[in-house]
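Following: one structure in structure tokens, then a few remarks.
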Amino acid sequence: MALGTNGAAEAGSWKLGGELLVNRLGYGAMRLPQTGAALTVDAVPGDRDQAIGLLRRAVELGVNHLDTAAFYFSPLRSANELINRALAPYPDDLVITTKVWPGRDACGEWWWAEPQQLRGQVEENLRQLGRDHLDVVNLRVPQRLMTGSIAEHFGVLAGLRDAGLIRHLGISNASPAHLAEARASAPVVCVQNPYGLGAPREETEFLRSCGEQGIAYVPFYAIAGAGREAGATAGAEDARVTAVARAHDASPAQVRLAWTLQQGPHVLAIPGTSDPAHLAANVAAAALRLTDEEMALLGTPAGDRPAGSTT
């Protein structure tokens with residue numbers, strides 16, 4: 001399908017924290033530094049000039065919400081530094097969201113920060129991006145703590161927010177209990193969780209609850225699904241998705257993005273790619289509207305969608 005005349009703005013907008021206005025179709029930078037599967041020690045570095053050109057093209061297409069992290073790097077390439085090189089001095093309306101708690105050492109091996117190490121992670125993001133404050137920082141919860149407390153770590157970020165290093169806070173890979181715990185320390189403007197077609201009912205309920213609380217819900221793996229970091233699995237596309245895609249002269253990935261965006265006006269999509277053609281296709285999905293019948297076919301009856309969702 002062709003790009004809409006307003007690019008990413010075709011999906012509508014949302015104010016993070018009631019003040020940072022972003023188009024709901026954004027960009028995730030995880031794949032930017034490498035080709036193939038993301039975040040591996042032996043990742044093949046991507047083409048630097050292509051990555052810089054892709055970021056500039058994304059902004060030209062109306063993308064003003066970038067999701068990144070200091071641990072998004074491959075040998076020779078860092079997502080944050082590519083963003084800095086491509087877009088600084090930054091447009092006034094550009095919102096950059098990053099995340100902390102996980103980290104990677106110089107060899108690419110993973111580690112998890114103690115509370116007292118979070119300030120160093122925040123400062124590393126500031127240095128790489130060339131900024132004196134971060135728009136939004138998500139606390140990325142490790143899988144082992146899905147039923148544990150995040151109070152100590154989130155409390156440190158709340159203090160850094162009070163100190164002016166961070167403007168707004170969010171949580172990632174989190175549960176409703178984590179959200180309640182975090183909100184006891186400071187305002188939370190977004191929840192960033194894996195979500196897409198076939199997601200468990202309890203996650204859909206969490207998505208709805210975020211909307212009721214005025215909190216943005218930011219799905220990742222909306223296109224990749226079970227493929228996660230490696231991307232969508234070849235040959236595993238749902239026949240229902242394929243049928244809807246044919247009806248709109250669209251791709252299955254575009255249908256999945258449209259479905260995601262139609263879950264509510266507070267839902268922000270952040271599809272990532274290192275391919276300029278895929279970037280254009282993802283942005284084009286901002287203009288795709290699925291009918292009530294198509295949403296029901298894909299698993300979301302009209303009566304289950306929140307008031308104000310796009311149809």
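Only the coordinates and a few stated rules stand behind these numbers; no lab work does. Keep in mind it's a predicted model, so treat the numbers as computed, not measured. Neighbour counts are summed over all protein chains in view; Cβ atoms, including those assigned to glycine, are modelled from backbone coordinates with ideal geometry.
The amide H of ALA70, built 1.01 Å from its N in the peptide plane, has LYS99 as neighbours under 5 Å, considering only residues 5 or more places off or on other chains.
Distant-in-sequence amide contacts of TYR217, defined by a placed amide H-H separation under 5 Å and a gap of 5 or more residues or a different chain, comprise VAL191, VAL267, LEU268. For the pair region 142-207 / region 24-97, the C-alpha centres are spaced 23 Å from each other.
Going by average Cβ neighbours within 10 Å, how do the peptides 259-269, 175-185 rank, with the highest at the top?
259-269, 175-185
Treating each Cα of region 122-226 as one equal point scatterer and applying the Debye formula with no solvent, the log10 of I(q)/I(0) at q = 0.13, 0.18 Å⁻¹ comes out as -0.49, -0.89. Net charge in the neighbourhood of ALA285 (other residues with Cβ under 12 Å of its Cβ; Lys, Arg +1, Asp, Glu -1) is +2.
Give me the Debye-computed log₁₀ of I(q)/I(0) at q = 0.30 Å⁻¹ for region 110-159, equal point scatterers on Cα only, no solvent, two decimals. Reported log10 I(q)/I(0), two decimals: -1.30.
Descending by average beta-carbon neighbour count within 10 Å, the peptides 241-248, 98-105, 192-199 line up as 98-105, 192-199, 241-248, the highest first. When DSSP beta bridges are restricted to pairs lying wholly in region 7-302, around 30% turn out antiparallel. Sorting 28-35, 118-125 by average packing, meaning the other beta carbons within 10 Å per residue, from highest down gives 28-35, 118-125. A helix-only calculation puts the chain at -9500 deg cm²/dmol for mean residue ellipticity at 222 nm, using -39500 (n - 2.57) for each DSSP H run of at least four residues, averaged over all residues. For region 7-302, the alpha carbon positions stretch 52, 43, 35 Å along the principal axes, listed from largest to smallest. Electrostatic tally near ALA88: other residues with Cβ closer than 12 Å to its Cβ, Lys and Arg +1, Asp and Glu -1, net +2. Its Cα gyration tensor gives region 3-47 an equivalent ellipsoid; the semi-axes, largest first and in whole Å, are 30, 15, 6. Other residues whose C-beta falls under 14 angstrom from the C-beta of PHE154 contribute a net charge of +1, scoring Lys and Arg +1 and Asp and Glu -1. Semi-axes of the equivalent ellipsoid of region 1-117 are 27, 18, 12 Å, computed as sqrt(5λ) over the eigenvalues of the C-alpha gyration tensor in descending order.
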